[in-house]
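Data block below; observations after.
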Amino acid sequence: MRKRIFLVFFLSFVSLINASFLIDVYHKDYGYIVRTVLVFDSKPNYSVIKHEDDIQINILNCRKDATIQNVQVPNSNVLKAFDFLVSKDKVMIVLTMNQTLQLISGEPYKVELYELSGELFKLVLDVFAIKNPKTLEEVRCFADFYKTIGKTELAEEYYTIASELKTVQPTQTVTDSVVKTREPKNFFKKTLQSLTFIESLKNTLNIKVVIILAAGIVLFIVLIVIISKVTKKKIPKSDFEDKSQRSTCGFGDSEFQKKMVLKLAAQEWESEAIAMELNLPLDDVHRMRGSDIDDELERF
């Protein structure tokens, strides 16, 4: 019994000696990239599991410094929080992702791991919210990040891309499929050429559309004028004047007209009124009335 107890204590002591110790955790946000560094006293036995919404780092046979606490990360494009779950012989670190950019771009995030050995062991995780930078801001972010971590050649490539992109259009978005991390130059060069061609083609098409619309409007007006002239009825002035005047031929034959003139005169109608009533010239009315007077004189 005593031997068993001693063996358990001995194994526990040995495991404590061999256990790694998580001394510190720190990170820096580069806009669209976050570099997280885990500092250990010795190389740990770890594994990294990527999920859609988080990254889990499982460290077996490990202890954690008590001062390392859970951390929320506000206003980050990459991460939301760092959480530490500690059990008897295991430490789990959970990096919760901010999935906003993933939903917009439709691309998953990217993680790159590095091990730095020395007096202390450092596990470095570079978490990229986007795989392929497309806007001027994103390209500059990648350039600044690579410059900071000492990858000068890659940084210069992204700075060149940013300069070309700014020349084309400061707010232009590069819309292509996948950009290889090590070959950004050729991709962006081709993309920028395509964008320039598309912009030129768009301007040409806009001018043609305006010209076609203007010609269509002019043609429509001309057609309306022609149709109005063709369909308009011309009325001769002489015809109009003839239709607007009353007939001066009178009604019936001359005997009937004379009879009517004398009848109206007997009713004390004026000659002008009789002419209007019977549609006769005034001279004819006077003549007919005068002949009546002559007949009366002959009787006497």
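Residue count for segment 30-47, restricted to those that are over 15 Å from Phe121 (Cβ atoms) and surrounded by fewer than 17 Cβ atoms within 10 Å (Cβ to Cβ): 2. Evaluation of Ile104 against the conditions (1) open to solvent by 10 Å² or more (accessible area, probe 1.4 Å); (2) modelled with pLDDT of 90 or more; (3) among the β-branched types (Val, Ile, Thr) shows that the sole unmet condition is (2). Evaluated against (1) in contact with a Pro (Cβ under 9 Å, 6 or more places away or on another chain); (2) open to solvent by 10 Å² or more (accessible area, probe 1.4 Å); (3) under 11 Å from Tyr32 (Cβ atoms), Val139 falls short on exactly one condition, (2). Test Pro170 against the stated conditions and say whether it is in a loop (DSSP other than H, G, I, E, B), open to solvent by 70 Å² or more (accessible area, probe 1.4 Å) and either more than 28 Å from His27 (Cβ to Cβ) or modelled with pLDDT of 60 or more (or both). Spelling it out, Pro170 is indeed in a loop (DSSP other than H, G, I, E, B), open to solvent by 70 Å² or more (accessible area, probe 1.4 Å) and either more than 28 Å from His27 (Cβ to Cβ) or modelled with pLDDT of 60 or more (or both). In summary, Ile293 fulfils each of the numbered conditions (1) of a type in the set (Val, Ile, Thr); (2) at pLDDT below 80; (3) open to solvent by less than 70 Å² (accessible area, probe 1.4 Å) with the single exception of condition (3).
Within segment 48-62, the set of residues being more than 18 Å from Val124 (Cβ to Cβ) and surrounded by 17 or more Cβ atoms within 10 Å (Cβ to Cβ) is empty.
The values are calculated or read from the model by the stated rules, or taken from the named source; none is laboratory data. Quantities reported herein were computed from a predicted structural model and do not represent experimental measurements. Here the Cβ is made from the backbone with ideal geometry for all residues, glycine too, and neighbour counts use every protein chain on show. Heads up: the accessible areas ignore ligands, DNA and RNA and are worked out on the full protein's heavy atoms, side chains in. Shrake-Rupley method; radii C 1.70, N 1.55, O 1.52, S 1.80 Å.
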